[in-house]
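*Asks:* Submitted below is the structure of interest, expressed as structure tokens.
The values are calculated or read from the model by the stated rules, or taken from the named source; none is laboratory data. All of these numbers come straight from a predicted model, not from anything done at the bench. With ideal geometry, Cβ positions are generated from the backbone for all residues, glycine too; neighbour counts draw on all protein chains shown.
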Protein chains: 4
Amino acid sequence: MIRAGIIGATGYAGGELVRILTGHKDVEIRWYGSRSYIDRKYYQVYQNMFRIVEDICKDDNLAQLAEQVDVIFTATPQGFLAGLLTEEILQKVKIVDLSADYRIKDVAVYEEWYKIEHKSPQFIREAVYGLCEINRDKISDNTRLIANPGCYTTCSILTAYPLVKEGLIDMDTLIVDAKSGTSGAGRGAKVPNLYCEVNENIKAYGVASHRHTPEIEEQLGYAAGRQLTINFTPHLVPMNRGILVTEYARLKTAAEGKLPAYEEIKAVYDKYYAGEKFVRVLDKGVCPETKWVEGSNYVDVNFVIDERTGRIIMMGALDNLVKGAAGQAVQNMNLLFGLPESEGLELVPCFP
Amino acid sequence: MIRAGIIGATGYAGGELVRILTGHKDVEIRWYGSRSYIDRKYYQVYQNMFRIVEDICKDDNLAQLAEQVDVIFTATPQGFLAGLLTEEILQKVKIVDLSADYRIKDVAVYEEWYKIEHKSPQFIREAVYGLCEINRDKISDNTRLIANPGCYTTCSILTAYPLVKEGLIDMDTLIVDAKSGTSGAGRGAKVPNLYCEVNENIKAYGVASHRHTPEIEEQLGYAAGRQLTINFTPHLVPMNRGILVTEYARLKTAAEGKLPAYEEIKAVYDKYYAGEKFVRVLDKGVCPETKWVEGSNYVDVNFVIDERTGRIIMMGALDNLVKGAAGQAVQNMNLLFGLPESEGLELVPCFP
Amino acid sequence: MIRAGIIGATGYAGGELVRILTGHKDVEIRWYGSRSYIDRKYYQVYQNMFRIVEDICKDDNLAQLAEQVDVIFTATPQGFLAGLLTEEILQKVKIVDLSADYRIKDVAVYEEWYKIEHKSPQFIREAVYGLCEINRDKISDNTRLIANPGCYTTCSILTAYPLVKEGLIDMDTLIVDAKSGTSGAGRGAKVPNLYCEVNENIKAYGVASHRHTPEIEEQLGYAAGRQLTINFTPHLVPMNRGILVTEYARLKTAAEGKLPAYEEIKAVYDKYYAGEKFVRVLDKGVCPETKWVEGSNYVDVNFVIDERTGRIIMMGALDNLVKGAAGQAVQNMNLLFGLPESEGLELVPCFP
Amino acid sequence: MIRAGIIGATGYAGGELVRILTGHKDVEIRWYGSRSYIDRKYYQVYQNMFRIVEDICKDDNLAQLAEQVDVIFTATPQGFLAGLLTEEILQKVKIVDLSADYRIKDVAVYEEWYKIEHKSPQFIREAVYGLCEINRDKISDNTRLIANPGCYTTCSILTAYPLVKEGLIDMDTLIVDAKSGTSGAGRGAKVPNLYCEVNENIKAYGVASHRHTPEIEEQLGYAAGRQLTINFTPHLVPMNRGILVTEYARLKTAAEGKLPAYEEIKAVYDKYYAGEKFVRVLDKGVCPETKWVEGSNYVDVNFVIDERTGRIIMMGALDNLVKGAAGQAVQNMNLLFGLPESEGLELVPCFP
């Protein structure tokens, strides 16, 4: 039995970790960390867990926790883990960090976009960027620290990855227009996240400045074999869960006036994803919808070739709290401990 | 392995049966019946099942199906099963009927409220009303036909049952004010169920005439030991899933000017539900919310004693597609086949 | 031109006052009071008012404001106005108070339900309870202080009033089950009002303890000619605007085994409301829906007689921010200044 | 008094025409055309109009209607008006057509995208494309036929128009990612528009094939002075009203490694829109939100210059039923009859 601790267990991503780990046969949650609700029953914060979880919330004590568990999930604000992590801790416990602290290899880029000083850059190199479908071979039982990818990032990267890796699109033309449900904004009590402000409304935010931009650029840059600069625009959608990305790029052969056939592009997607349990390349003509992946660890992707403009429109959908956060974190944990990658993640999407 | 067939597999309740049975380790779905989508891949109707279900939809052939499976779930319009059921079929297969055809013991009452003639009243007596928490001892491996309770009914009955059974409330004063998500209206393409008609709106409907009224009256009448007449008012709420009932009744002792203490009433609820996995009596002061049971087979109940009026306000919440339909149907199937009652139903509610 | 000041102009009710008064040809808003946003442009708080309102938000200075305007609207927390109001102020300016401070005539009842001491009980007697359809003859140009009714209260009272006044229902059996959109909870940044907590969810709250209860009891008590005790249960519905009430009461003649005909009850409603612009008694069989009154000052009401139980089910719908708050406040202002009662309130409901 | 007839009065755009014209002091609606609801009271279809509109719905008789009114609004399916329009009718009455029949000047393009034969191409040349802010000088009292622009089109064009007209962006790089509320899909009873299918969901549709594409291309082509080919991707958002567009284009000077300052671009927007009542260029850093224009005729626009990619991100928001349909139709009617352009359109956006 893997003993797990969660720091930040009462945020939305933390709550989803609890939901998923509760159904994972090889894991036992030993620590529900929550600075805001110390000593309260966990189910009093999330009544859906009434009669399922009896534990109380504890303080966020990383060092103490490292003694008691095999793996720690940190679903905490940026800078939290970086400020506390030590070599001593990492010698005792594996960590899956759902924050951005170790995602970006260039500490200067991190500090510029996040506007905070990185307190433990010495661990950045070691951290594995836990986008399992791409980096699973970098995760072994020696791995100590996983930087769990961002929600937008996971969706944006997986949607375009095969075409980027195969060099089929002009990376200077890549535009990612993303739409997210409101749970992505977290459980903080802020006016812009009130029901009446979000409901019956849609807006862009963080235009040309959202922090997931450099993360997408770095990871797609590895696939492309060069540095990238892209446009990424997130939007807030009146729904609880789900991210949809619509990505635009010019097909390289368009310059020569010819475009690949649907089947050629489909074959490229299949080359990378046919064996992937959690990436579903939809049938021709079917556009991904967030509702079809809700509650599950799936990413649904598809594409349309536009003969008129020479562009390809790629689309991807996932549940931001599952594949975009807690589900992928558990997938990483499975890899860390040599379990089947989908253990505890056989979640059938819930419709309607 | 239990072989199951579903007739009406592409309605919302049918879809939920597929979702739940897909995760049930002892069941294999052999027949996805859907008159509207014959020969189409099931996942083309519900893309959430892409790469999970590969079967095609078949016609609704009850007799043929009876030869091939161990249990048939009928998630069909009223009158469908009653029009087709025969002794021959029942000798071959067990049936869990999600329609109202065999719920009401008095065929005249059925025909009056449903405005259709009952074509096979000879099976009404045999059918067990499958409200598991109350009738599980009537279900054995000899049982052939289960009348799976209605969604409003399940919630309305379980919320009041202990007090009715113990004779604590004046049954002539019972009023059930119910609120339901829109999936309860089914997947038929009708203007009143369009997004723009339901969204940002709430209304009562079927006032003093909703068909679940006699079903509640009959079942609570058994508990009360006499015939009942109640008020039941359903409302349509802009959300996909969930039923909340708010029930009002005068406490009998109010006539003598004294009311039971909170603890007394709590003890009555605990007497009936402390051992029930799927009924959660919430802590004092906590009102049930539909979101806390979403996707699960739980019913959350609680109550408030109003010292001023001598009434008790009882509240209950469930997911209309799970405990209100497919989940309870699977719970009944488990009883029919001697499986643990919660097999395949260990669904953790999804929040947010 | 009537000069108006608004204290609490950046709450939802305050915002709605701005929207309505902006379209009122006889009113000019001179003061946008908002403690939270002092010195910011009003439109920066509510961008819908960009290029419509250029003013900045000012502090909540009641005494200073009284010098500069003809009428003050206070859309402020309970206790605010009671703590500041003086005879001197009332000699200079008329006040329409959207809080509860002067609604309840018995100061002990107010203090018990609101858990605050009333600082200026000397003005309670003078204040007119501004439910215009019932009390308009109490409002003249001598009236100085209007206690604008609560949102739930307006809907609850107007829905039952004719039957109460005519003595047709047994007042000891009256139960009000109310459902409200989320704007009723105000614009405060609290976790329970976050999008993800309200969306896809319904719950009761304030069961047997909501503060609008004594207000309904008092006003319906005047109509009934005696003190009343009722049950009132509010519910939070995932929508921005709208209140629906479903009210249950036993018809008095039911005791004698006979019920009034539909036409008799309809005639009673028409007696009180046929001449009322803002109360619409719907056609037989049509249930009120909140969407049909959205953005307008209408209250839609209707009823169903249940032959089986001897009860009448009364239903009413209004927009909580208009007839339930700002619209009714403007209606009261019109009465105070001798304007046509519907001036500035000819708002056509917006659908969908 | 202008006598108006509406054909297609019971669709959502037709209903919005009724709402707006009801408040227009110079217009009287004489004909509520609705094939589906002939002889029913209009308010029985839209109960929000109870006690406001007493008329009954009539058949769609264009010729008869032309005799009785001064202006006809056709809110009808594509091909309807083209199939009925004659010179005789146009000699009697002015027509504002909300369908696409006369929007596209090249009949071959129309027939290719709409897959129907155009039955009266002889009137295409005469029709004025009624995007008032751009074409108002083409509308006079001699104008007989207005092609009222599409909802997506209005938003897409107005958001980019100043930059296109001034030649600041590379038109071959223009991408329009659009998001619409569900009322844009109309009131037809179809499964994909049911509440449970749309709610908690977002998807793209009509990718690289939506019919508003050639309309945008044609109109922006006039501004650019050459033929254009763009990408336009609509998305369905779970809300009733509102369109948001996010548009991406490369700034021409980026090729030379320098970008215009914010103020330069702002000045360009102001050049075109400072005098426009219904186009609001928001303050720096404020992103348009659909909720801020709901119920009004405003279009809110803004932009962000991305120094990193050399692109400009333009954003625009409108209410698809008002500025995207009925409001703009009334704006055109005002121009046709020499009324102030904003007559009847002083609608303050409703928030929340």
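*Asks:* Could you tell me how many of the residues in segment B:28-51 are at pLDDT 95 or above and under 26 Å from the mean Cα position of the chain (by Cα)?
*Replies:* Qualifying residue count for the region: 15.
*Asks:* Only one residue in C:57, C:151 is touching a helix residue (DSSP H, G or I) at 6+ places or on another chain (Cβ under 7 Å) and surrounded by 23 or more Cβ atoms within 10 Å (Cβ to Cβ). Which one?
*Replies:* Selected residue: C:151, the only one of C:57, C:151 that is touching a helix residue (DSSP H, G or I) at 6+ places or on another chain (Cβ under 7 Å) and surrounded by 23 or more Cβ atoms within 10 Å (Cβ to Cβ).
*Asks:* Same structure, new question: Out of the residues in segment C:71-99 that are in contact with a strand residue (DSSP E or B) (Cβ under 8 Å, 6 or more places away or on another chain) and in a helix (DSSP H, G or I), which is nearest to residue C:328 (Cα to Cα)?
*Replies:* Only one residue tops the list, namely C:81.
*Asks:* A further question on this structure: Determine which member of the set D:302, D:320 is buried (at least 22 other Cβ atoms within 10 Å of the Cβ) and either part of a loop (DSSP other than H, G, I, E, B) or among the hydroxyl-bearing types (Ser, Thr, Tyr) (or both).
*Replies:* Only one candidate qualifies: D:320.
*Asks:* Checking residue B:234 against (1) assigned to a strand (DSSP E or B); (2) free of Cβ contacts under 8 Å to residues at least 60 places away in the same chain; (3) not aromatic (Phe, Trp, Tyr), only one condition comes out false. Which one?
*Replies:* Of the numbered conditions (1) assigned to a strand (DSSP E or B); (2) free of Cβ contacts under 8 Å to residues at least 60 places away in the same chain; (3) not aromatic (Phe, Trp, Tyr), the odd one out for residue B:234 is (2).
*Asks:* Then there's this: Could you count how many residues in segment B:188-201 are closer than 30 Å to residue B:111 by Cβ and within 7 Å of another protein chain (Cβ to nearest Cβ)?
*Replies:* Selection size over segment B:188-201: 4.
*Asks:* Looking at D:75, D:66, D:127, which one is touching a residue at least 24 places away in the same chain (Cβ under 8 Å), closer than 30 Å to residue C:290 by Cα and among the small types (Gly, Ala, Ser)?
*Replies:* Unique residue meeting the criteria: D:75.
*Asks:* Still on this structure, I have one more. Which one is farthest from the other protein chains (Cβ to nearest Cβ) among residues in segment D:24-53 that are on the phi < 0 side of the Ramachandran plot and among the basic types (Lys, Arg)?
*Replies:* D:30
*Asks:* For segment C:27-61, which residues satisfy the criterion of being within 17 Å of residue D:350 (Cβ to Cβ) and part of a helix (DSSP H, G or I)?
*Replies:* C:42, C:43, C:45, C:47, C:48, C:49
*Asks:* Small (Gly, Ala, Ser), at pLDDT 95 or above and within 26 Å of residue D:240 (Cβ to Cβ): does that describe residue D:66?
*Replies:* no
*Asks:* Just the residues that are part of a loop (DSSP other than H, G, I, E, B) and more than 9 Å from every other protein chain (Cβ to nearest Cβ), please, taken from segment A:272-283.
*Replies:* The answer is A:274, A:275, A:276, A:278.
This table checks each residue for (1) under 26 Å from residue D:125 (Cβ atoms); (2) of a type outside the set (Ser, Thr, Tyr).
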{"residue": "D:38", "(1), (2)": "no, yes"}
{"residue": "D:56", "(1), (2)": "no, yes"}
{"residue": "D:64", "(1), (2)": "no, yes"}
{"residue": "D:72", "(1), (2)": "yes, yes"}
{"residue": "D:88", "(1), (2)": "yes, yes"}
{"residue": "D:93", "(1), (2)": "yes, yes"}
{"residue": "D:102", "(1), (2)": "yes, no"}
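*Asks:* Which ones in segment A:260-278 are surrounded by 18 or more Cβ atoms within 10 Å (Cβ to Cβ) and more than 29 Å from the chain's Cα centre (by Cα)?
*Replies:* Matches in segment A:260-278: A:260 only.
*Asks:* Please list, ordered by first then second residue, the pairs with beta carbon atoms under 8 Å, 6 or more apart or interchain, first in segment A:244-269 and closer than 28 Å to residue A:323 by Cα, second surrounded by fewer than 21 Cβ atoms within 10 Å (Cβ to Cβ) and basic (Lys, Arg).
*Replies:* Filtered contacts from segment A:244-269: A:262/A:284; A:266/A:284.
*Asks:* Of everything in segment C:284-297, what is more than 8 Å from every other protein chain (Cβ to nearest Cβ) and either among the basic types (Lys, Arg) or buried (at least 24 other Cβ atoms within 10 Å of the Cβ) (or both)? Give them in sequence order.
*Replies:* Residues satisfying the conditions are C:284, C:297.
*Asks:* While we're looking at this one, here's another question. Residue D:187 - would you say it is among the basic types (Lys, Arg), surrounded by 24 or more Cβ atoms within 10 Å (Cβ to Cβ) and under 22 Å from residue B:237 (Cα atoms)?
*Replies:* Judged against the criteria, residue D:187 is not a match.
*Asks:* A further question on this structure: Can you pull out the residues in segment A:304-350 that are within 30 Å of residue D:228 (Cα to Cα) and within 19 Å of the chain's Cα centre (by Cα)?
*Replies:* Once the filter is applied, which keeps residues that are within 30 Å of residue D:228 (Cα to Cα) and within 19 Å of the chain's Cα centre (by Cα), segment A:304-350 yields A:314, A:315, A:316.
*Asks:* Right, residue B:247: more than 30 Å from residue B:35 (Cβ to Cβ), crowded, with 24+ Cβ neighbours inside 10 Å, of a type in the set (Asp, Glu) and more than 9 Å from chain C (Cβ to nearest Cβ) or not?
*Replies:* Yes, satisfied.
*Asks:* When you scan segment D:202-215, do you find a residue that is facing another protein chain (nearest Cβ under 7 Å) and β-branched (Val, Ile, Thr), even just one?
*Replies:* yes
*Asks:* Here are some conditions: (1) in a strand (DSSP E or B); (2) farther than 30 Å from residue D:305 by Cβ. Residue A:259 meets all but one. Which one does it not meet?
*Replies:* The failed condition is (1).
*Asks:* Can you tell me which residues in segment C:125-143 are crowded, with 18+ Cβ neighbours inside 10 Å and among the charged types (D, E, K, R)?
*Replies:* C:133
*Asks:* When segment A:270-326 is examined, which residues are found to be farther than 30 Å from residue A:8 by Cβ and among the charged types (D, E, K, R)?
*Replies:* Once the filter is applied, which keeps residues that are farther than 30 Å from residue A:8 by Cβ and among the charged types (D, E, K, R), segment A:270-326 yields A:270, A:271, A:283, A:284, A:306, A:307, A:308, A:311.
*Asks:* A further question follows. I'm trying to understand the selection: among the residues of segment D:211-231, which are among the aliphatic types (A, V, I, L, M) and in contact with a Lys or Arg (Cβ under 6 Å, 6 or more places away or on another chain)?
*Replies:* Answer for segment D:211-231, where residues must be among the aliphatic types (A, V, I, L, M) and in contact with a Lys or Arg (Cβ under 6 Å, 6 or more places away or on another chain): just D:223.
*Asks:* Follow-up. Among the residues of segment D:336-352, how many are under 16 Å from residue D:299 (Cβ atoms) and more than 9 Å from chain C (Cβ to nearest Cβ)?
*Replies:* Residues meeting the conditions: 3.
*Asks:* So, in segment A:1-23, of the ones that are more than 14 Å from chain B (Cβ to nearest Cβ) and of a type in the set (Val, Ile, Thr), which residue ends up farthest from residue A:343 (Cα to Cα)?
*Replies:* Among them, the one singled out is A:7.
*Asks:* Right, here's the next one. Based on what the data block shows, is residue A:102 crowded, with 19+ Cβ neighbours inside 10 Å, among the hydroxyl-bearing types (Ser, Thr, Tyr), under 22 Å from the mean Cα position of the chain (by Cα) and not in a helix (DSSP H, G or I)?
*Replies:* yes
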